[in-house]
Structure formats: C-alpha cells, structure tokens
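Please read the structure below before turning to the comments.
The values are calculated or read from the model by the stated rules, or taken from the named source; none is laboratory data. What you see is a predicted model; the values in this text were computed from it and never measured. Every residue, glycine as well, gets a Cβ built from its backbone with ideal geometry; the counts of neighbours run over all protein chains shown. When the accessible area is computed, the model is the full protein with side chains, heavy atoms only, and any ligands, DNA or RNA have been set aside. Shrake-Rupley method; radii C 1.70, N 1.55, O 1.52, S 1.80 Å.
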Amino acid sequence: MRMYLAVAATFLSLPVAAQTAVPMDDQSQLAPSAQPAAGAEYFQPPSESDLPDNAFGELVREGRAIFVDTRKRAPEYVGNGMTCANCHMDQGRKPNSAPLWGAYPMYPAYRSKNDKVNTYAERMQGCFQFSMNGTPPPADSHVLNALTAYSYWLSTGAPVAEVLPGRAYPEVPEPAGGYDLAQGRQVYDAQCAVCHGPEGQGQKSGEDFVFPPLWGKESFNWGAGMHRINTAAAFIKESMPLGKGGSLTDEQAWNVAAFMNSHERPQDPRLIDGSIEETRKKYHANDGVNLYGVEVDGVVLGQGTN
Amino acid sequence: MKTISVAAGLLTCLLTTSIQADAGADIYSKGGANAAALACVTCHGADGLGMAASGFPRLAGLSATYMEKQLHDLKAGSRVAPVMSPIVNALTDEEIQSVSQYIENMPTPSYPRVERSSEVDSLGAQLALRGAWDRNIPECVSCHGPGGVGVGDAFPPLVGQSSNYLASQLVAWREGTRQNDPNDLMGHIARSMTDEEVTAVSDYFSGLGK
C-alpha cells in the first residue's frame, strides 16, 4: 500500500477547543544534520559526580530529575504518559538525539520565517505543550528554572551560538518509492511491539509508564515535532530498537515511522476554529512530511483522541 | 433451562480453574506425573524465592507467559541449564502451563521502586539507573522497570534474584548458552559489559531485594 498525500477536501468541523496561549507556535524543525562519520567526536558534557554540593548542584539535580521523570515531578504541566528523556535519550546527553548541550548555547534563537526571537524557556514551553501534550510552565517557574540549570550545566565548556555536531537527529533520506505503511506494520510487529505494546500504547509498571506510548491519548500530540515522519524516522534510525540504534535500514525507519504516525493522537492545540483543514493549511502543509489532515484508509487523520 | 445451563457452564469454568490451580500447586510441591519431573520446591523453595547460595532463582510472581517460554526454551535448547534439562524434558505442555500459572500467582515481598531520577553512588547503580550509552547500553530500569521489578510478559524482575544467579545469566548470554531473548535485546548488552560491570550490577539488584 504505497502512500501518497491526498489532502482531504472535506471540511470537517470540530468543537472549538478553548484557545490556549501558545508561546512558541511551532516545534521548529532543527536544520537536519548529516549522518555522522564513523568515529565522530562529540562534545562531552560533565559527569554527575562533578556536581558541587551547593545550591547550584541542588538545582541541577532537580532539573535532571524533572527531565527523566516529568510526569511525577511536574504533573501540573504534563498531559500524557511521557517524560522529556523518552525522546532526548541518555537524560538529554546523547549526541544525535537533540541533547541539551547542543540546544542551550543556541538560544535566544532568531527565526526569519516569522521574524521572531525565541528564548530557551519558550523552546522548552513548546515541548511541554506539544510533546508532553500539557500546559507550558510559566517562564519564571521553578520547573523551567531547574531544567534551564540542568541544560546550562550540561553545556559547561561548549561554545555559544555555534552548531555542535550531534545537535539534531541525523537526517534519513526518504525511500525513493515513498514509504509503505504495510511494511511499516511488519517492522513494528517484529521489532517494536515487544516493548511499546501491540497497539502502540506503551507498557506500565503499576502507575508508571516504563515503555512510552507511541500513539493514542497518552502520547505526544499532533503539534509535536515527532509527528513529522521525517523527524520520527531520524529519531528511530538513531535510537530504536532501544540499545540497538542504527540497526534498521533507512527504508525500515521511514516505513515504521510512517506507520506510527498514521495513528490518532491528541489534537493539535493550535486547532483553528475546529477545522482540521485550516489547521493543516497553516501549520502542517509546510512542516516536513506528515499525515495531519490527510486521508489514510478512508479516514482523515487529525481528529484527536479526546 | 437457560439459567441452569449458564450456571452449569460457570460452575465448570470455576472448577476447571481451581483444578488447574491445584494441578499447578501439586507440580510445584510434588513434581510432575513423570518421576523425572522433580518438584520445583526442592530448589526454588516453598515461597518460590529461590536459594541464593546455590544460585537457584526466584520464580514467585514471574509472568506465566514468560515462565512458559523459558520452560519451552530450556526444552528446545535455546537456553541451557544442566540442572533443569532432565526436569523440563519430563514435563508435559499442560503441566508447564499449569505450573507457570501457579508461579505467577505466588505472593512476593514488596520491593523498593528505585526510579531513574534517583542519585547513584556505585558502579552497579550507575548502570541500572544511567546505563552506559557510549556503548549503547540503556539504563536497566528502562526495560525492567523501577527498581527492576519487571514489566509485562517479556521483561522479568531482577530484584529478588541473587547476585550469583544474575551474574550467571549475563555470562550465559556472553558465552551463547542463553540465546532465547527477543531479537537479541539482552544478548548484545551482555556482550558489551565488562566483568566488573557484570558483578556490580548483579550485586546492585540483589541488594535491593534484601
């Protein structure tokens, strides 16, 4: 079943969601980096044992704890089953996995697209709103202060305003013939379901998610960067199956990323007047490869899960 | 009439379940129909928590699906354990099923749920809660759950096992005498670990159960 983009012409209208303030209105796609050369050298963040036993060390440790256990440490801002570290591997340290040491020195960031400047706090607020399907913490909140302290500390010795190797997920070229959802399902069943569950729902131990959900109401929403198939393919190729990163072919990574992102997830909080069509036009049409507002198997995606 | 047959159906249902449970308990404490299928209790203890000194593992509370798979794999040879092989060879499929169900339902002590957000103070804790990502080794708890309590039908508990047993399994993966993990998920990790790490992480998880 080859996929082609068939933007739905149907004018679907949904109940208008209460308009939430969106501090940074898209999960701006990082300029993709090339696949790293073998034996590439990356920036080395300091080790935890180097942290001082004072108020600074305390704040950094708290930031790290929030980053790896966001649902428990900052429940008022999280609306799904995810933690920051689910996508920023090795607690935000791993190169090629959007590490915090690659991010922090690049802000405030100017974006010519809308002639705006975004601060580091706003970038993190974006991840809360979209990836965590939650409510962004205020810029002066303790949660953002702690996460900023953690990022600052990880960046110790890194140059400012210079793109470091390993900042983004390395780009994976789209297969020449496009992606294939049926083959994506096969990869999923053979290599992913053992951890993420047969329905992408993740797996819990007691109340805690151990394996994060890949779609459905507990996953990232339709506005998150990971909803782009190109971004998800790059992440998956680099880091999945867990511990066996780099083992999938480019084609497998694209197929399984497309399969994952052809399922429903929470609505895009930027939904315009309840219209998927309008929202696709404004926010998704030029945002990499994605299936928001696109018809798959006779159903227009982007309905949301609630 | 209908009510009666429904009631009768229910009764049969209940009876079969309790017969199965009894059968499982019997196999556990007295052994299988074939005399070579020795009673589990001999080595794994009445409480199913194993015998640390001799390296016999905890079974209590392990998922029945996981346990059935292990017993079948021991039969098939993708997992090698000399003490177990005459025993599994003497068990029928039905016996494997009922004893696995019984084992899953055995009560277990409550273990501490140490999370990734906790601080680390030893090499073992470092591997368990931080991993060694420079070698693509994830945090143990990212699959085995907080404190290594186990997750679902594929990721068994590590806590409550002895250091002896845990280390013996990591070594079995390294040496290829255990190859029954899904997609070599554990094998490739074990093969990247140093001897020092094998000991440290085994001590860490066994320590949490004490």
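Okay, here's what the table says:
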quantity: Distance (nanometres) between label positions extended 7 Å along Cα→Cβ at A:Glu199 and A:Thr156; calculated: 4.7 nm
quantity: Accessible surface, the stretch B:67-148, averaged per residue in Å² (probe 1.4 Å); calculated: 44 Å²
quantity: Accessible area in square angstrom per residue, the stretch A:181-300, 1.4 angstrom probe; calculated: 34 Å²
quantity: Among B:103-113, B:22-32, the order from most to least packed when residues are scored by Cβ within 10 Å on average; calculated: B:22-32, B:103-113
quantity: Residues along the stretch A:197-221 losing 50 Å² or more of accessible surface when the other protein chains are present rather than the chain by itself (probe 1.4 Å); calculated: A:Ser205, A:Val210, A:Phe211
quantity: Whether the stretch B:139-191 is rounded, prolate or oblate, judged on the alpha carbon gyration tensor where a/c under 1.5 counts as rounded; calculated: oblate
quantity: Karplus-derived HN-Hα couplings along the stretch A:137-150 (A = 6.51, B = -1.76, C = 1.60, θ = phi - 60°), whole Hz, x at Gly and Pro; calculated: x, x, 4, 9, 6, 4, 4, 5, 4, 5, 5, 5, 4, 4
quantity: When each of A:Lys116/A:Lys281; A:Lys116/A:Lys282; A:Lys72/A:Lys282; A:Lys94/A:Lys237 is checked by Cα-Cα distance, pairs over 23 Å; calculated: A:Lys72/A:Lys282
quantity: Contour excess over end-to-end distance, with Cα ends at B:Glu196 and B:Glu175 and 0.36 nm allotted per residue; calculated: 5.9 nm
quantity: The stretch A:181-300, accessible surface, carbon-and-sulfur percent (1.4 angstrom probe); calculated: 48 percent
quantity: Residues along the stretch B:143-163 losing 10 Å² or more of accessible surface when the other protein chains are present rather than the chain by itself (probe 1.4 Å); calculated: B:Cys143, B:Pro146, B:Val151, B:Gly152, B:Ala154, B:Phe155
quantity: Fraction of antiparallel bridges per DSSP, the protein assembly as shown only, in percent to nearest 5; calculated: 95 percent
quantity: Residues in the stretch A:63-97 occluded by at least 50 Å² - accessible area, probe radius 1.4 Å, against chain by itself; calculated: A:Arg64, A:Asp90
quantity: Extension gain, B:Asp184 back to B:Ala36 (0.36 nm per residue minus Cα-Cα distance, nm); calculated: 50.1 nm
quantity: Prolate/oblate/rounded label for the stretch A:141-295 (Cα gyration tensor, a/c 1.5); calculated: rounded
quantity: Loss of accessible area when A meets B, both sides summed, Å² nearest 100, probe 1.4 Å; calculated: 2200 Å²
quantity: Helix-only [θ]222 nm of the protein assembly as shown, DSSP H runs n ≥ 4, -39500 (n - 2.57) each, per residue, nearest 500; calculated: -11000 deg cm²/dmol
quantity: For chain A, built as a Gaussian network whose Cα springs stay under 10 Å, the top-fluctuating residue of A:Gly126, A:Gly81, A:Gly206; calculated: A:Gly206
quantity: Simple label model, 7 Å out from Cα along Cβ direction - B:Lys210 to A:Gln29, nm; calculated: 5.4 nm
quantity: Amide proton proximity set for A:Asp180, modelled H, under 5 Å, gap of 5+; calculated: A:Asn255
quantity: Relative contact order (percent, whole number), chain A, Cα cutoff 8 Å, 6+ residue spacing; calculated: 25 percent
quantity: Shape call, the stretch B:38-106: gyration tensor on alpha carbons, a/c limit 1.5; calculated: oblate
quantity: For A:Glu174, distant residues with modelled amide H under 5 Å away; calculated: none
quantity: Cα long-axis angle, helix A:229-239 against chain A (0 to 90 degrees, to the nearest 10); calculated: 50 degrees
quantity: Amide H partners (placed H, <5 Å) of A:Val296, local residues excluded; calculated: A:Leu301
